[in-house]
Amino acid sequence: MKYKMMVEAWILNTIHRFFNLGDSNKSKPGIGEKGLGTKTYFKSDRITLYTQTRDNRSYKVIMDNPWECLCNDKIPEYTVEKF
């Protein structure tokens, strides 16, 4: 049970890092380290992310109108659905 909770926390943290502008856990700087890709996809009306862990846990993450939120001084929110 404790392992499952740790995995879930790790997955949610990884998803959060994906959406967090300029956040990276890479030890070597390289292409994409400045967050330009994130800034580009934040211009979308909707971002839908599908991801799967090595042990076949699948997640769908949706963020609506991220650019509009940012322009209105709001942090864009997203939903995480496990399926």
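Each residue in segment 49-81 was checked for being modelled with pLDDT of 90 or more, among the charged types (D, E, K, R) and over 12 Å from the mean Cα position of the chain (by Cα), and 5 of them qualify.
Which members of segment 48-69 meet the condition of being part of a strand (DSSP E or B) and among the aromatic types (Phe, Trp, Tyr)?
Of segment 48-69, the ones part of a strand (DSSP E or B) are 48-52, 58-64.
Hits for segment 48-69 are TYR50, TYR59.
Among residues that are within 15 Å of the chain's Cα centre (by Cα), modelled with pLDDT of 85 or more and not acidic (Asp, Glu), ARG46 is included.
Being in contact with a strand residue (DSSP E or B) (Cβ under 9 Å, 6 or more places away or on another chain) and on the phi > 0 side of the Ramachandran plot is the filter here; which residues of segment 35-80 pass it?
Within segment 35-80, ASN65 is the sole residue that qualifies.
Within segment 63-80, being exposed (fewer than 14 other Cβ atoms within 10 Å of the Cβ) and either touching a Leu at 6+ places or on another chain (Cβ under 8 Å) or among the acidic types (Asp, Glu) (or both) holds for GLU68, ASP73, GLU77.
In segment 1-24, the residues that are closer than 19 Å to ASP64 by Cβ and at pLDDT below 70 form Cβ pairs under 7 Å with partners that are among the β-branched types (Val, Ile, Thr) and surrounded by 12 or more Cβ atoms within 10 Å (Cβ to Cβ), at six or more places apart or across chains, as follows: LEU21/THR38.
The values are calculated or read from the model by the stated rules, or taken from the named source; none is laboratory data. Just so it is clear, the structure is predicted and the values come from calculations on it, not from any experiment. For neighbour counting, all protein chains shown are included, and Cβ atoms are generated from backbone atoms with ideal geometry for every residue, glycine included.
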